[in-house]
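S.K.: One structure follows; several queries about it will come next.
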Amino acid sequence: EKGGYDYFMLKEIAEQPKAVADTLLGRIDAAGSLTLDEVRIPASVLREVDKVVIVACGTAYHAGLIAKYAIEHWTRIPCETELASEFRYRDPILDPRTLVVAISQSGETMDTLMALRHAREQGAKVLAICNTNGSTIPRESDAVLYTHAGPEVAVASTKAFLTQLVACYLVALYLGQVRGTKWGDEILSVIRDLSEIAGEVEEVLETMEPVRELARSLADKNTVLFLGRHVGYPVALEGALKLKELAYMHAEGFAAGELKHGPIALIERDVPVVVVVPSPRGRSVLHDKIVSNIQEIRARGARTIVIAERGDEAVRPYADHLIEIPATPVLLQPLVATVPLQVFACELATARGNEVDQPRNLAKSVTVE
Ligand code: BG6
(Lines give C-alpha, C1' and ligand atoms only; values in the text may rest on other atoms or scores of the structure.)
Protein backbone atom coordinates (compact mmCIF):
# COMPACT_ATOMS: atom_id res chain seq x y z
CA GLU A 1 0.00 0.00 0.00
CA LYS A 2 3.01 2.29 0.47
CA GLY A 3 3.80 1.67 -3.19
CA GLY A 4 7.45 0.85 -2.57
CA TYR A 5 8.10 3.81 -0.27
CA ASP A 6 9.24 3.43 3.33
CA TYR A 7 6.56 5.78 4.59
CA PHE A 8 3.17 7.00 3.46
CA MET A 9 4.52 10.51 3.81
CA LEU A 10 7.17 9.88 1.14
CA LYS A 11 4.55 8.38 -1.14
CA GLU A 12 2.23 11.31 -0.59
CA ILE A 13 4.99 13.85 -1.22
CA ALA A 14 5.73 12.06 -4.50
CA GLU A 15 2.05 12.05 -5.45
CA GLN A 16 1.80 15.83 -5.34
CA PRO A 17 2.13 16.54 -9.06
CA LYS A 18 -0.79 14.20 -9.73
CA ALA A 19 -2.81 15.55 -6.81
CA VAL A 20 -2.40 19.10 -8.11
CA ALA A 21 -3.28 18.11 -11.67
CA ASP A 22 -6.32 16.12 -10.51
CA THR A 23 -7.60 19.05 -8.48
CA LEU A 24 -7.46 21.28 -11.55
CA LEU A 25 -8.94 18.67 -13.86
CA GLY A 26 -12.21 19.62 -15.51
CA ARG A 27 -12.40 22.93 -13.73
CA ILE A 28 -11.08 25.17 -16.47
CA ASP A 29 -12.89 25.17 -19.80
CA ALA A 30 -11.38 25.62 -23.26
CA ALA A 31 -11.90 29.37 -23.11
CA GLY A 32 -9.90 29.57 -19.88
CA SER A 33 -12.97 30.13 -17.71
CA LEU A 34 -13.40 28.44 -14.39
CA THR A 35 -16.27 26.05 -14.00
CA LEU A 36 -16.78 25.04 -10.41
CA ASP A 37 -19.67 22.62 -10.61
CA GLU A 38 -19.75 21.96 -6.91
CA VAL A 39 -20.13 25.60 -5.98
CA ARG A 40 -23.85 25.76 -5.37
CA ILE A 41 -23.82 29.33 -4.17
CA PRO A 42 -25.34 31.30 -7.08
CA ALA A 43 -23.13 33.85 -8.82
CA SER A 44 -25.66 36.53 -7.86
CA VAL A 45 -24.99 35.82 -4.19
CA LEU A 46 -21.22 35.71 -4.72
CA ARG A 47 -21.37 39.11 -6.39
CA GLU A 48 -22.85 40.53 -3.18
CA VAL A 49 -20.20 39.08 -0.87
CA ASP A 50 -18.48 41.89 1.01
CA LYS A 51 -16.18 39.90 3.27
CA VAL A 52 -14.47 36.52 3.17
CA VAL A 53 -13.48 34.72 6.36
CA ILE A 54 -11.38 31.58 6.17
CA VAL A 55 -11.37 29.14 9.09
CA ALA A 56 -9.14 26.10 9.46
CA CYS A 57 -6.63 24.34 11.72
CA GLY A 58 -3.00 23.30 11.42
CA THR A 59 -1.70 22.93 7.90
CA ALA A 60 -5.10 23.82 6.42
CA TYR A 61 -4.88 27.12 8.31
CA HIS A 62 -1.61 27.87 6.54
CA ALA A 63 -3.32 27.25 3.19
CA GLY A 64 -5.95 29.75 4.36
CA LEU A 65 -3.30 32.35 5.22
CA ILE A 66 -1.95 32.11 1.67
CA ALA A 67 -5.46 32.25 0.24
CA LYS A 68 -5.99 35.63 1.88
CA TYR A 69 -3.31 37.20 -0.34
CA ALA A 70 -4.85 35.68 -3.47
CA ILE A 71 -8.44 36.53 -2.59
CA GLU A 72 -7.75 40.13 -1.69
CA HIS A 73 -5.56 40.65 -4.74
CA TRP A 74 -7.85 39.12 -7.35
CA THR A 75 -11.24 40.02 -5.89
CA ARG A 76 -10.61 43.17 -3.84
CA ILE A 77 -12.89 41.70 -1.16
CA PRO A 78 -11.52 42.04 2.37
CA CYS A 79 -10.48 38.62 3.63
CA GLU A 80 -9.35 37.38 7.01
CA THR A 81 -8.04 34.00 7.97
CA GLU A 82 -8.65 32.75 11.47
CA LEU A 83 -7.79 29.67 13.48
CA ALA A 84 -11.04 27.75 13.70
CA SER A 85 -10.54 27.18 17.42
CA GLU A 86 -10.44 30.94 18.07
CA PHE A 87 -13.15 32.00 15.66
CA ARG A 88 -16.46 31.69 17.42
CA TYR A 89 -15.14 32.69 20.81
CA ARG A 90 -14.37 36.21 19.71
CA ASP A 91 -17.94 36.87 18.58
CA PRO A 92 -17.06 37.52 14.94
CA ILE A 93 -19.13 39.89 12.80
CA LEU A 94 -20.97 37.78 10.26
CA ASP A 95 -24.01 38.32 8.09
CA PRO A 96 -25.52 36.92 4.87
CA ARG A 97 -22.98 38.85 2.80
CA THR A 98 -20.06 37.10 4.50
CA LEU A 99 -18.56 34.12 2.71
CA VAL A 100 -16.93 31.72 5.15
CA VAL A 101 -14.47 29.26 3.65
CA ALA A 102 -13.79 26.21 5.83
CA ILE A 103 -10.69 24.26 4.80
CA SER A 104 -10.24 20.71 6.05
CA GLN A 105 -8.53 17.64 4.64
CA SER A 106 -10.54 15.18 6.72
CA GLY A 107 -13.78 17.11 6.84
CA GLU A 108 -14.15 15.98 10.45
CA THR A 109 -12.06 18.44 12.48
CA MET A 110 -14.31 19.51 15.34
CA ASP A 111 -12.87 23.01 15.74
CA THR A 112 -13.53 23.76 12.06
CA LEU A 113 -16.98 22.19 12.20
CA MET A 114 -17.98 24.27 15.23
CA ALA A 115 -16.71 27.41 13.51
CA LEU A 116 -18.78 26.76 10.40
CA ARG A 117 -21.87 25.95 12.45
CA HIS A 118 -21.47 29.25 14.23
CA ALA A 119 -21.07 31.06 10.90
CA ARG A 120 -24.23 29.50 9.46
CA GLU A 121 -26.21 30.34 12.58
CA GLN A 122 -25.30 33.98 11.92
CA GLY A 123 -26.58 33.67 8.35
CA ALA A 124 -23.20 33.54 6.58
CA LYS A 125 -22.73 31.30 3.54
CA VAL A 126 -20.17 28.54 4.00
CA LEU A 127 -18.01 27.04 1.27
CA ALA A 128 -16.01 23.96 2.30
CA ILE A 129 -12.69 23.01 0.73
CA CYS A 130 -12.33 19.37 1.63
CA ASN A 131 -10.54 16.20 0.58
CA THR A 132 -12.99 13.64 1.94
CA ASN A 133 -16.19 12.98 0.04
CA GLY A 134 -19.33 13.08 2.10
CA SER A 135 -17.60 13.99 5.36
CA THR A 136 -19.31 16.16 7.95
CA ILE A 137 -17.87 19.58 7.05
CA PRO A 138 -18.97 19.52 3.39
CA ARG A 139 -22.33 18.01 4.39
CA GLU A 140 -23.01 20.92 6.71
CA SER A 141 -21.79 23.60 4.26
CA ASP A 142 -23.72 25.49 1.59
CA ALA A 143 -21.23 24.45 -1.08
CA VAL A 144 -18.10 22.38 -1.45
CA LEU A 145 -15.06 22.35 -3.63
CA TYR A 146 -13.37 18.99 -3.27
CA THR A 147 -9.61 18.67 -3.45
CA HIS A 148 -8.59 15.57 -5.36
CA ALA A 149 -5.49 14.59 -3.45
CA GLY A 150 -6.68 11.02 -2.88
CA PRO A 151 -6.53 9.49 0.60
CA GLU A 152 -3.85 11.02 2.81
CA VAL A 153 -2.63 8.58 5.45
CA ALA A 154 0.46 10.21 7.00
CA VAL A 155 -0.54 12.43 9.91
CA ALA A 156 1.54 15.36 8.64
CA SER A 157 -0.30 16.81 5.67
CA THR A 158 1.54 17.23 2.37
CA LYS A 159 -0.41 16.57 -0.82
CA ALA A 160 -3.65 17.71 0.78
CA PHE A 161 -1.98 21.05 1.54
CA LEU A 162 -0.91 21.61 -2.06
CA THR A 163 -4.38 20.78 -3.32
CA GLN A 164 -5.93 23.08 -0.70
CA LEU A 165 -3.80 25.85 -2.16
CA VAL A 166 -4.97 25.00 -5.67
CA ALA A 167 -8.58 25.03 -4.48
CA CYS A 168 -8.06 28.39 -2.75
CA TYR A 169 -6.57 29.89 -5.91
CA LEU A 170 -9.53 28.54 -7.89
CA VAL A 171 -11.97 30.11 -5.44
CA ALA A 172 -10.11 33.42 -5.59
CA LEU A 173 -9.95 33.40 -9.40
CA TYR A 174 -13.58 32.34 -9.64
CA LEU A 175 -14.75 35.09 -7.32
CA GLY A 176 -12.64 37.53 -9.31
CA GLN A 177 -14.19 36.28 -12.53
CA VAL A 178 -17.78 36.36 -11.26
CA ARG A 179 -17.31 39.88 -9.97
CA GLY A 180 -15.41 41.06 -13.04
CA THR A 181 -12.53 42.85 -11.34
CA LYS A 182 -9.92 44.71 -13.29
CA TRP A 183 -7.63 41.71 -13.04
CA GLY A 184 -9.45 39.83 -15.84
CA ASP A 185 -6.36 39.41 -18.03
CA GLU A 186 -4.18 38.49 -15.12
CA ILE A 187 -6.73 35.90 -14.04
CA LEU A 188 -6.63 34.25 -17.46
CA SER A 189 -2.86 34.17 -17.43
CA VAL A 190 -2.73 32.73 -13.88
CA ILE A 191 -5.13 30.00 -14.94
CA ARG A 192 -2.63 29.11 -17.66
CA ASP A 193 0.23 29.23 -15.16
CA LEU A 194 -1.63 26.95 -12.75
CA SER A 195 -1.76 24.24 -15.37
CA GLU A 196 2.05 24.20 -15.41
CA ILE A 197 2.44 23.85 -11.66
CA ALA A 198 2.21 20.04 -11.57
CA GLY A 199 5.27 19.81 -13.85
CA GLU A 200 7.11 22.32 -11.72
CA VAL A 201 6.40 20.40 -8.52
CA GLU A 202 7.77 17.33 -10.31
CA GLU A 203 10.92 19.28 -11.18
CA VAL A 204 11.38 20.25 -7.52
CA LEU A 205 10.95 16.63 -6.45
CA GLU A 206 13.68 15.54 -8.84
CA THR A 207 16.23 17.86 -7.21
CA MET A 208 15.71 16.97 -3.55
CA GLU A 209 18.80 14.87 -2.83
CA PRO A 210 20.88 17.82 -1.54
CA VAL A 211 17.96 18.80 0.72
CA ARG A 212 17.89 15.31 2.22
CA GLU A 213 21.64 15.42 2.73
CA LEU A 214 21.36 18.81 4.42
CA ALA A 215 18.58 17.54 6.69
CA ARG A 216 20.69 14.59 7.82
CA SER A 217 23.55 16.94 8.67
CA LEU A 218 21.28 18.94 10.99
CA ALA A 219 19.89 15.98 12.95
CA ASP A 220 21.59 17.03 16.19
CA LYS A 221 20.40 20.66 16.15
CA ASN A 222 17.87 21.91 18.71
CA THR A 223 16.36 24.82 16.84
CA VAL A 224 15.56 25.73 13.27
CA LEU A 225 14.07 29.10 12.36
CA PHE A 226 12.07 29.92 9.23
CA LEU A 227 11.62 33.33 7.65
CA GLY A 228 9.35 34.42 4.85
CA ARG A 229 7.50 37.40 3.58
CA HIS A 230 4.21 37.97 1.75
CA VAL A 231 2.99 34.48 0.70
CA GLY A 232 6.36 33.15 1.83
CA TYR A 233 5.45 33.92 5.43
CA PRO A 234 2.77 31.21 5.72
CA VAL A 235 5.19 28.91 3.88
CA ALA A 236 7.70 29.59 6.68
CA LEU A 237 5.01 28.79 9.27
CA GLU A 238 4.23 25.55 7.46
CA GLY A 239 7.92 24.60 7.26
CA ALA A 240 8.21 25.13 11.01
CA LEU A 241 5.03 23.18 11.75
CA LYS A 242 6.26 20.21 9.72
CA LEU A 243 9.49 20.18 11.70
CA LYS A 244 7.69 20.32 15.05
CA GLU A 245 5.28 17.57 14.06
CA LEU A 246 7.86 15.22 12.59
CA ALA A 247 11.29 15.99 14.01
CA TYR A 248 10.10 17.20 17.46
CA MET A 249 12.48 20.13 17.15
CA HIS A 250 11.98 23.68 18.27
CA ALA A 251 11.01 25.34 15.02
CA GLU A 252 9.48 28.75 14.54
CA GLY A 253 8.34 30.67 11.51
CA PHE A 254 8.58 34.45 11.39
CA ALA A 255 7.60 37.20 9.01
CA ALA A 256 10.99 38.40 7.80
CA GLY A 257 10.02 42.03 8.40
CA GLU A 258 9.53 41.22 12.09
CA LEU A 259 13.10 40.01 12.47
CA LYS A 260 14.34 43.32 13.77
CA HIS A 261 11.43 43.59 16.21
CA GLY A 262 12.45 40.57 18.24
CA PRO A 263 13.42 37.29 16.59
CA ILE A 264 16.88 38.52 15.60
CA ALA A 265 17.82 38.11 19.28
CA LEU A 266 17.57 34.35 18.70
CA ILE A 267 20.23 34.35 16.02
CA GLU A 268 23.48 32.91 17.24
CA ARG A 269 26.39 31.00 15.78
CA ASP A 270 25.34 28.10 13.59
CA VAL A 271 21.55 28.29 14.07
CA PRO A 272 20.00 27.04 10.86
CA VAL A 273 17.65 29.62 9.38
CA VAL A 274 15.54 28.70 6.39
CA VAL A 275 14.57 31.72 4.31
CA VAL A 276 11.85 31.65 1.66
CA VAL A 277 12.79 34.31 -0.87
CA PRO A 278 10.12 35.98 -3.00
CA SER A 279 10.64 36.13 -6.72
CA PRO A 280 13.03 38.88 -7.84
CA ARG A 281 10.43 39.70 -10.47
CA GLY A 282 7.06 41.17 -9.48
CA ARG A 283 7.25 42.44 -5.89
CA SER A 284 10.97 43.09 -6.17
CA VAL A 285 11.04 45.51 -3.23
CA LEU A 286 10.29 42.59 -0.96
CA HIS A 287 13.02 40.58 -2.61
CA ASP A 288 15.61 43.23 -1.85
CA LYS A 289 14.44 43.52 1.74
CA ILE A 290 14.71 39.82 2.33
CA VAL A 291 18.17 39.73 0.81
CA SER A 292 19.27 42.26 3.41
CA ASN A 293 17.62 40.15 6.13
CA ILE A 294 19.73 37.22 4.97
CA GLN A 295 22.86 39.37 5.13
CA GLU A 296 21.95 40.50 8.66
CA ILE A 297 21.44 37.04 10.06
CA ARG A 298 24.50 35.68 8.32
CA ALA A 299 26.61 38.46 9.79
CA ARG A 300 25.47 37.15 13.19
CA GLY A 301 26.61 33.64 12.40
CA ALA A 302 23.39 31.98 11.25
CA ARG A 303 23.64 29.12 8.80
CA THR A 304 21.44 30.30 5.95
CA ILE A 305 19.34 27.83 4.02
CA VAL A 306 17.81 29.79 1.18
CA ILE A 307 14.89 28.77 -0.99
CA ALA A 308 14.95 31.01 -4.05
CA GLU A 309 13.84 31.14 -7.63
CA ARG A 310 16.26 29.58 -10.09
CA GLY A 311 18.54 32.25 -11.51
CA ASP A 312 18.22 34.55 -8.49
CA GLU A 313 21.87 35.53 -8.40
CA ALA A 314 21.42 38.25 -5.77
CA VAL A 315 20.92 35.74 -2.94
CA ARG A 316 23.60 33.28 -3.91
CA PRO A 317 26.52 34.97 -2.09
CA TYR A 318 24.65 34.87 1.22
CA ALA A 319 23.27 31.34 1.01
CA ASP A 320 25.19 28.64 2.87
CA HIS A 321 22.78 26.25 1.21
CA LEU A 322 20.79 27.28 -1.83
CA ILE A 323 17.63 25.39 -2.76
CA GLU A 324 16.43 26.47 -6.18
CA ILE A 325 12.78 26.35 -7.22
CA PRO A 326 11.17 27.11 -10.60
CA ALA A 327 9.90 30.59 -11.36
CA THR A 328 6.15 30.96 -10.82
CA PRO A 329 3.79 33.93 -10.59
CA VAL A 330 4.34 35.61 -7.21
CA LEU A 331 1.12 34.35 -5.60
CA LEU A 332 1.65 30.75 -6.74
CA GLN A 333 5.15 30.36 -5.29
CA PRO A 334 3.96 28.46 -2.18
CA LEU A 335 3.03 25.51 -4.42
CA VAL A 336 6.69 24.94 -5.21
CA ALA A 337 8.39 26.51 -2.16
CA THR A 338 6.65 24.21 0.35
CA VAL A 339 7.86 20.98 -1.23
CA PRO A 340 11.53 21.20 -0.12
CA LEU A 341 10.34 21.95 3.41
CA GLN A 342 8.25 18.77 3.48
CA VAL A 343 11.21 16.73 2.26
CA PHE A 344 13.47 18.45 4.78
CA ALA A 345 11.20 17.66 7.74
CA CYS A 346 10.59 14.08 6.65
CA GLU A 347 14.30 13.37 6.29
CA LEU A 348 15.16 15.03 9.59
CA ALA A 349 12.53 12.94 11.34
CA THR A 350 13.98 9.79 9.79
CA ALA A 351 17.51 10.80 10.77
CA ARG A 352 16.35 11.34 14.35
CA GLY A 353 14.72 7.91 14.41
CA ASN A 354 11.18 9.21 14.67
CA GLU A 355 8.05 7.53 13.45
CA VAL A 356 7.32 9.55 10.31
CA ASP A 357 3.73 8.56 9.56
CA GLN A 358 2.52 8.52 13.16
CA PRO A 359 4.26 11.29 15.11
CA ARG A 360 3.90 11.09 18.88
CA ASN A 361 0.82 12.70 20.46
CA LEU A 362 -0.78 13.60 17.11
CA ALA A 363 -3.84 12.28 15.32
CA LYS A 364 -4.75 12.57 11.66
CA SER A 365 -8.11 14.01 12.44
CA VAL A 366 -9.08 15.58 15.74
CA THR A 367 -12.76 15.15 16.42
CA VAL A 368 -12.83 16.85 19.80
CA GLU A 369 -12.76 20.58 20.44
C1 BG6 B 1 -4.42 18.04 12.84
C2 BG6 B 1 -3.53 17.22 11.96
O3 BG6 B 1 -4.57 17.74 14.10
O4 BG6 B 1 -5.49 18.54 12.09
C5 BG6 B 1 -2.90 18.24 11.01
O6 BG6 B 1 -2.52 16.54 12.73
C7 BG6 B 1 -4.00 18.91 10.23
O8 BG6 B 1 -2.00 17.61 10.13
C9 BG6 B 1 -5.09 19.50 11.14
O10 BG6 B 1 -3.46 19.94 9.44
C11 BG6 B 1 -6.31 19.92 10.38
O12 BG6 B 1 -6.92 18.76 9.81
P13 BG6 B 1 -7.98 18.85 8.69
O14 BG6 B 1 -8.40 17.42 8.43
O15 BG6 B 1 -9.12 19.68 9.22
O16 BG6 B 1 -7.35 19.47 7.50
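The values are calculated or read from the model by the stated rules, or taken from the named source; none is laboratory data. The structure displayed is predicted, hence computed values, not measured ones. A quick note on method: Cβ atoms are made from the backbone with ideal geometry, for glycine too, and the neighbour counts reach across all protein chains shown. The protein model used for the area step is the full one, side chains on, heavy atoms only, and it has no ligands, DNA or RNA in it. Shrake-Rupley method; radii C 1.70, N 1.55, O 1.52, S 1.80 Å.
S.K.: Kindly indicate whether any position in the stretch 174-194 is in contact with a Lys or Arg (Cβ under 7 Å, 6 or more places away or on another chain), of a type in the set (A, V, I, L, M) and within 12 Å of the ligand (Cβ to nearest atom).
M.R.: No: zero hits.
S.K.: What are the pairs with Cβ atoms under 6 angstrom where one residue, in the stretch 328-354, is touching a residue at least 24 places away in the same chain (Cβ under 8 Å) and among the aromatic types (Phe, Trp, Tyr) and the other, located anywhere, is open to solvent by less than 10 Å² (accessible area, probe 1.4 Å) and assigned to a helix (DSSP H, G or I)? Sequence gap at least six, or different chains.
M.R.: Cβ pairs passing all conditions: Phe344/Val211; Phe344/Ala215.
S.K.: I need the full set of residues from the stretch 330-355 which are open to solvent by less than 40 Å² (accessible area, probe 1.4 Å) and farther than 21 Å from Leu225 by Cα, in order please.
M.R.: Passing the criteria: Val330, Leu331, Leu332.
S.K.: I'm told Lys18 meets every condition in (1) charged (D, E, K, R); (2) within 16 Å of the ligand (Cβ to nearest atom); (3) open to solvent by 40 Å² or more (accessible area, probe 1.4 Å); (4) in a helix (DSSP H, G or I) except one. Can you identify the failing condition by its number?
M.R.: Checking Lys18 against (1) charged (D, E, K, R); (2) within 16 Å of the ligand (Cβ to nearest atom); (3) open to solvent by 40 Å² or more (accessible area, probe 1.4 Å); (4) in a helix (DSSP H, G or I), the one that fails is (2).
S.K.: Only one residue in Gly239, Gly257 is closer than 28 Å to Glu203 by Cα and either under 23 Å from the mean Cα position of the chain (by Cα) or among the hydrophobic types (A, V, I, L, M, F, W, C) (or both), so which one is that?
M.R.: Gly239
S.K.: Let me ask something additional. How many residues are under 23 Å from Val211 (Cβ atoms), of a type in the set (D, E, K, R) and touching a residue at least 40 places away in the same chain (Cβ under 8 Å) when one looks only at the stretch 355-369?
M.R.: Qualifying residue count for the region: 1.
S.K.: For the stretch 29-36, does any single residue satisfy the condition of being of a type outside the set (Gly, Ala, Ser) and within 16 Å of the ligand (Cβ to nearest atom)?
M.R.: No, there is no match, as no residue in the stretch 29-36 is of a type outside the set (Gly, Ala, Ser) and within 16 Å of the ligand (Cβ to nearest atom).
S.K.: Here's a follow-up. In the stretch 87-94, is there at least one residue being at pLDDT 95 or above and among the acidic types (Asp, Glu)?
M.R.: No, every residue in the stretch 87-94 fails to be at pLDDT 95 or above and among the acidic types (Asp, Glu).
S.K.: Would you check which residues across the stretch 345-369 are acidic (Asp, Glu) and at pLDDT 95 or above and list them?
M.R.: Glu347
S.K.: If Thr136 meets every condition in (1) within 10 Å of the ligand (Cβ to nearest atom); (2) open to solvent by less than 50 Å² (accessible area, probe 1.4 Å) apart from one, which number is that one?
M.R.: Just one mismatch for Thr136, condition (1).
S.K.: On to the next question. Output the number of the condition that Asp288 fails; it satisfies all remaining conditions of (1) surrounded by fewer than 16 Cβ atoms within 10 Å (Cβ to Cβ); (2) under 30 Å from Ala160 (Cα atoms).
M.R.: (2)
S.K.: Being crowded, with 24+ Cβ neighbours inside 10 Å, at pLDDT below 95 and more than 20 Å from the chain's Cα centre (by Cα) is the filter here; which residues of the stretch 139-178 pass it?
M.R.: Matches in the stretch 139-178: Gly176 only.
S.K.: Another question about this same structure. Conditions first: (1) touching a Leu at 6+ places or on another chain (Cβ under 8 Å); (2) away from the ligand (no atom under 12 Å from the Cβ); (3) small (Gly, Ala, Ser). Ala149 passes all but one, so which condition is the exception?
M.R.: In the conditions (1) touching a Leu at 6+ places or on another chain (Cβ under 8 Å); (2) away from the ligand (no atom under 12 Å from the Cβ); (3) small (Gly, Ala, Ser), Ala149 misses (2) alone.
S.K.: Yes or no: the stretch 180-195 includes at least one residue that is open to solvent by less than 10 Å² (accessible area, probe 1.4 Å) and hydroxyl-bearing (Ser, Thr, Tyr).
M.R.: No, the stretch 180-195 contains no residue that is open to solvent by less than 10 Å² (accessible area, probe 1.4 Å) and hydroxyl-bearing (Ser, Thr, Tyr).
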